[in-house]
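Read through the structure below, which is laid out as structure tokens, and then see the notes.
The values are calculated or read from the model by the stated rules, or taken from the named source; none is laboratory data. Bear in mind that the values here come from a model prediction, so they are computed numbers and not experimental data. All Cβ positions, glycine included, derive from the backbone under ideal geometry; neighbour counts span all protein chains shown.
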Amino acid sequence: MAVALAASPGQAVPAVPAGGFGMPTPVSPVNEAIVAGDLDAAERLTDLGDRYVGQHALADAEAAFRGALAIFEAALGPADPQYWHFMVEAKKYQVLPLDNSILERILTPRPSATAGRNEFTYYGEVSGIPSSSAPNPLTRSYSITAEVEVPAGGGEGMLNTLGGRFGGYGLYLVKGKPVYTYDLLGLEKFRWAGKNALTPGKHTIMFDFKYDGPGMAKGGTGVLSVDGKEVDNKKIPHTIPSVMTIDESFDVGVDTRTGVEDKDYQPPFRFTGKLDKLTIKLGPGQLTEDDYKVMHQYVNRANDEASD
């Protein structure tokens, strides 16, 4: 049974085969040149269905959906109708072609409030800073220092965070104990923690990370200290390579998005003491020439696609 793409949508909808969907014949009833057992059959049938949608979606969206789905199912059996629903709506509202260059666009250089700077100081609570305007700790050594005053009875809460559940870090107090958690894109979490709660009064909490570069996504050694005394030391094998987050923010004294460790706290986890000052210092970036070449290739590809 051949389907005439130029015919009206109502006439072009193929009937269900007598043997039902997924019938045993190796020859497609839609196009005898396509064999159902062929590894390329699904791709070719999808292209046939896409062209059918393209011709009929604007005139009769429902008929276009039924026709494209029938074309595919008649040869290969039951199919997920959501794909064809989406394709019909996408054609109807003219959103095609879709842009799949997210990585290239993320790596494209943009104006930055942090470019060329290596030290950042924040006073009190600050929230909602986009990651593009926040200190970038990737592929480099860095330190985060919080000068706090713990109230009588103890204090807890977020001191500084960037990212969240799917990648990022957080420096905070849990039941008065200092903690630094590094979330490796949801794949693995590394945790530094002090054993003792901070006493009431002024304290300096610092996390210092030495990166094992050069190169992308290398590991390093982190040291968590309180008032100049080390409370935890740990080496990790890997770090996030290029993008820590695309939809979370940089916060000081509070966590306004998802948390880096649900077992420790739930946002907003506002610090209950006084955060006098937070200082972040960044070491030089340690990307290699090969790393930059790869990144530039993606950027150039994005620019080429944008100009097409």
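I need the full set of residues from the range 135-183 which are in contact with a Pro (Cβ under 9 Å, 6 or more places away or on another chain), within 20 Å of T239 (Cα to Cα) and assigned to a loop (DSSP other than H, G, I, E, B), in order please.
L138, T139, R140, S141
If you check G220 against the conditions, is it buried (at least 16 other Cβ atoms within 10 Å of the Cβ), in contact (Cβ under 8 Å) with a residue 60 or more places away in the chain and more than 30 Å from L287 (Cα to Cα)?
No; evaluated as a whole, the condition is false for this residue.
Being among the hydrophobic types (A, V, I, L, M, F, W, C) and under 20 Å from G201 (Cα atoms) is the filter; apply it to the range 270-281 and report the residue that is farthest from the chain's Cα centre (by Cα).
Per the criteria, the residue is L275.
Test G163 against the criterion of being in contact with a helix residue (DSSP H, G or I) (Cβ under 9 Å, 6 or more places away or on another chain) and crowded, with 22+ Cβ neighbours inside 10 Å, and give yes or no.
Spelling it out, G163 is indeed in contact with a helix residue (DSSP H, G or I) (Cβ under 9 Å, 6 or more places away or on another chain) and crowded, with 22+ Cβ neighbours inside 10 Å.
Conditions first: (1) at pLDDT below 90; (2) in a strand (DSSP E or B). T121 passes all but one, so which condition is the exception?
Here T121 meets the rest and fails (1).
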